[in-house]
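Some notes on the structure that comes next.
The values are calculated or read from the model by the stated rules, or taken from the named source; none is laboratory data. Predicted model, so just to flag it, every value in this text is computed and none were measured. Because the Cβ atoms are built from the backbone with ideal geometry, glycine has one as well, and the counts that use them run over all protein chains shown. Side chains included, ligands, DNA and RNA excluded: accessible areas come from the protein's heavy atoms. Shrake-Rupley method; radii C 1.70, N 1.55, O 1.52, S 1.80 Å.
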Amino acid sequence: MSPAIVRSTESSLSLGAQPRAQLLHIRDLVYRVAGIFQPDNKLGLLESRCRKRMQMLGVATLQDYYRCLTVKPTLQAELVALLNEITVGETFFFRNQPQLDALRNIVLPRIIQARAKMSPRHLRIWSAGCSTGEEPYTLCIMLLEELGGPLKGWTFEILATDLNELSVAHAEQGLYGDYSTRTLPEHFRQKYLIACGENLQINAELKNYVKFSRLNFLDDPGMAFIKDLDVIFCCNVLIYFHGAAKSRVIEHFYDNLLPHGYLFLGHSESLYGVNEDFRLVHLPSATAYVKSEKRQLA
């Protein structure tokens, strides 16, 4: 049974039976549409996000709000608005230095070797669940720094997607404050960002390499459209997915990657018991997944 359909006998909210039932219907809808599961101990957060939208719409009850999400002409726009509230992420530049070190020192040399006889000499990296853009811009800075060395003569592009359209808009704007840039080395700050009042603005060079778009991981045609990737970063996203939805996303990642490709997840995330088509590899400073030989030879 899908975890989104499981009904707990213990109420985590001080809601009456009918409002709680409507909230569970909304939880199920979010799971079906986006694959994001809200466990019982997070229902309070889901309720607060719903009530924020209800206040903006002038809707009095969860039953009426559920109707806004399912039968009214505005249902698609309201679903997007609710998902924007639910998927607010928190990130910053150079958040996971061990992963970046592994990418620079181990993964990139292996990819360069694997692609030695391939044309063109072009890298494609996907920041899947990019939030407000700090991760893809970090990757871009790192790759630009390598163009004078191991990547000399190469070109690259970074695809960056997120379910939250507000986060994507923020990323495209490329304007960041002290919190997001607190771990950004000073020489990179001077080289790639421009002072803009109390904030810092991503310069045009970085923006040219990163392509942002909104993408729902359960949009099968949209996921299938992304091909020929060398690396996927999907950090701290799959923790919100369960069961069939997670397996479906991982299957797409397998198809998205080239045979030599690498998949990076968050440090607390694992594919154990989820998918056997990927094999875990231990890098000196991090872990990643590569395609298993059995699946590729099948």
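Axis angle, to the nearest 10 degrees, between helix 243-256 and the longest C-alpha principal axis of the chain: 30 degrees.
Rounded to the nearest Hz, the phi-derived 3J(HN,Hα) couplings of region 142-153 under the Karplus curve 6.51 cos²θ - 1.76 cosθ + 1.60 (θ = phi - 60°) are 4, 5, 4, 5, 8, 5, x, x, x, 9, 4, x, where x marks glycine and proline.
Cα centroid separation, region 86-162 to region 235-298: 17 Å.
For Leu283, the residues whose amide H sits under 5 Å from its own are Ala288, ignoring neighbours fewer than 5 places away on the same chain, with H placed 1.01 Å from N. Within a straight-line Cα-Cα reach of under 21 Å, Lys207 can be paired with the following lysines, leaving aside sequence neighbours fewer than 8 residues apart in one chain: Lys152, Lys191.
Taking θ as phi - 60° and the Karplus parameters 6.51, -1.76 and 1.60, the scalar couplings of region 275-281 work out to 8, 9, 7, 10, 10, 6, 10 Hz in sequence order, x denoting glycine and proline. Taking the C-alpha atoms only, the angle from helix 17-34 to the longest principal axis of the chain is near 30 degrees. Taking all protein chains together and rolling a 1.4 Å probe, Tyr192 ends up with roughly 10 Å² accessible. Listed by chain and number, the lysines whose alpha-carbon sits under 26 Å from that of Lys291, ignoring those within fewer than 8 places in the same chain, are Lys117, Lys211, Lys227, Lys246.
What do you reckon, how do Thr287, Thr87 stack up by accessible area (1.4 Å probe), largest on top? If you can, show how the numbers build up before the last one.
On the way: Thr287 65, Thr87 30 Å².
Output order, biggest surface exposure first: Thr287, Thr87.
Between Phe278 and Ser292, the built amide H atoms are under 5 Å apart, and every one of these is 5 or more places off in sequence or on another chain. For Leu163, nonlocal amide neighbours, meaning residues 5 or more places apart or on other chains whose placed amide H falls under 5 Å from its own, are Leu215. With everything on Cα atoms, drop me the angle between helix 43-57 and the longest principal axis of the chain, reported from 0 to 90° to the nearest 10. Roughly 80 degrees, rounded to the nearest 10.
Treating r as the C-beta distance of Glu293 and Ala195 and R0 as 35 Å, the FRET efficiency rounds to 0.10.
Here, P(r) means the percent of Cα pairs in each 10 Å bin from 0 to the largest distance; for the chain it is 6, 25, 31, 23, 12, 3, 0. Couplings for region 160-171, taken from phi via the Karplus curve 6.51 cos²θ - 1.76 cosθ + 1.60 with θ = phi - 60°, read 9, 10, 8, 6, 7, 5, 5, 5, 5, 4, 4, 4 Hz in order; Gly and Pro are left as x.
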